[in-house]
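J.: I have a structure here, written as C-alpha cells, and I will follow up with some questions on it.
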Amino acid sequence: MLKFESVWQRFGALEVLQNISFELTAGEFVCLVGPSGCGKTTLLRIGAGLLKASAGRVLLKAEPITAPRPEIGILFQQPNLLPYLSTRANIELPLALRGVPRAERRSLAQNALAQLGLAEFAEAYPSQLSGGMAQRAALGRALMQNPSVLLMDEPFGALDALTREQMQLELLDIWQRTGKTILMVTHSITEAIFMADRVLVLTARPSKLSATLCVPLPRPRRLEMIHSAEFGALAAQLRSYIGMSSA
Ligand SMILES: Nc1ncnc2c1ncn2[C@@H]1O[C@H](COP(=O)(O)OP(=O)(O)OP(=O)(O)O)[C@@H](O)[C@H]1O
Ligand SMILES: [Mg+2]
C-alpha cells in the first residue's frame, strides 16, 4: 500500500534519515518508535508528500508521491484547528478546499461529528473544546477525505492517561471498521504494542531502521491485555530493541 524505498534525508550538514525502507500492507496498523530528534516526524512528512526526500522515494500503490494526496491523511501531535472556524467548519475544511458542494460537506461532517461524539460541539470554537475533543475534531478532519492511509504523529501525546486510552480504543474501532492503513508515531512502548500489528524501531540520528517487533496479540485489543504476561514479554523485547538502538 505505502512503500518507503531507500529514503535518505539531510538538512544541510545534518544527516537525519539513512536508507529507510519498509512497506505497509493494506489494512495494517504499524507503529514507529525512536529517540527524540531521530527523524520520525520528518519521515511522516516525506510519506505525506509534504517534504521531498534527499534521496529515495515513497510509493502509494506503486505510484511515487510528490505532493500531498487526498488518499493520505495526516494527524499531528497538536490538533492545529483554525481558531476562527467552528468545529464543524474545521472538519469540513478539506472538502471545502476541494470544492465539494455545501450540502454534501454538511452531511459528511455531520456523520463524522456524530461518530466522534462531537455533535453537541459542532458550533463550538477550538478554544472551547477540551484537548481530547480538539484532537478528535482533528481526527475527523483527517478522515473527512476518506484517506486509505493515515499517518499519525504522536496523536495522543498531549492527552491525559484516561482520555488517551479512550482515544486509542476509538481509533482501533475506526481502523477495524474502515480497514485503513495506519502508520503511527508514538513515544509509548505500551501504546505501540497495544495498537500495532508491527512496531518499527529507529536508531538515534542519523537513523536507520534497527528492528521490527511483530505483535501477535489477538484483535480486538482490550485494555486488560496490557496486564497479560504475553504483553509484558513483548514490552520487554521492544524495550531491549530500543536500548540496543540508542547504544
Ligand atoms: N525543516 C528542517 N530544517 C532543518 N532541520 C530540520 C527540519 N526538520 C527537522 N529537522 C531536524 O531533523 C531532525 C529530526 O527531526 P524530527 O522532527 O523528524 O524528529 P522526531 O523524531 O520527530 O523527534 P521528536 O520525537 O522529538 O518529535 C532534528 O534534528 C531536527 O532539528
Ligand atoms: Mg516528532
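The values are calculated or read from the model by the stated rules, or taken from the named source; none is laboratory data. Here the structure is a predicted model, which means the values were calculated and not measured. Because the Cβ atoms are built from the backbone with ideal geometry, glycine has one as well, and the counts that use them run over all protein chains shown. For accessibility, only protein heavy atoms count, side chains too; no ligands or nucleic acids. Shrake-Rupley method; radii C 1.70, N 1.55, O 1.52, S 1.80 Å.
J.: Which loop-located chymotrypsin sites (Phe, Trp or Tyr not before Pro) does segment 19-107 contain, where loop means any DSSP state but H, G, I, E or B and the Cβ has at most 13 other Cβ atoms within 10 Å?
T.: Y84
J.: Assigning unit charges at the beta carbon (Lys, Arg +1; Asp, Glu -1) and nothing else, what dipole magnitude in debye, to the nearest 20, does the chain show about its Cα centre?
T.: 560
J.: Counting only protein heavy atoms, what percent of the accessible surface of the chain is carbon or sulfur at a 1.4 Å probe?
T.: Its accessible area is 55 percent carbon and sulfur atoms.
J.: Could you tell me how far the Cα centroid of segment 197-213 sits from the Cα centroid of segment 32-77, in Å?
T.: 15
J.: Sticking with this one: Specify, per residue and in Å³, the volume enclosed by the convex hull of the alpha carbon atoms belonging to segment 39-162.
T.: With only Cα atoms used, segment 39-162 gives 120 Å³ per residue.
J.: With the contact rule set at Cα under 8 Å and sequence spacing of 6 or more, what percent relative contact order holds for segment 192-234?
T.: Rounded, it is 35 percent for segment 192-234.
J.: Multiply the residue separation of R69 and L50 by 0.36 nm, subtract the distance between their alpha-carbon atoms, and state the gained length in nm to one decimal.
T.: Fully extending the segment from R69 to L50 adds 5.9 nm.
J.: Among the DSSP beta bridges whose two residues both lie in the chain, what percent are antiparallel, rounded to the nearest 5?
T.: 50
J.: Please build a GNM for the chain, connecting alpha carbons under 10 Å apart, and tell me which residue among R219, R57, R164 fluctuates the most.
T.: Comparing R219, R57, R164 in a Gaussian network model of the chain, the most mobile one is R219.
J.: Using only the Cα atoms, what convex hull volume per residue in Å³ does the chain have?
T.: Convex hull of Cα atoms, per residue: 127 Å³.
J.: Accessible area per residue for the chain in Å², computed with a 1.4 Å probe and the full protein assembly in place, what is it?
T.: 45
J.: Cut-off 10 angstrom, C-alpha nodes, Gaussian network model of the chain. Which of K61, K208, K180 fluctuates the most?
T.: K61
J.: Could you identify which residue out of T203, T66, T178 has the top mean-square fluctuation in a GNM of the chain using Cα springs shorter than 10 Å?
T.: T178
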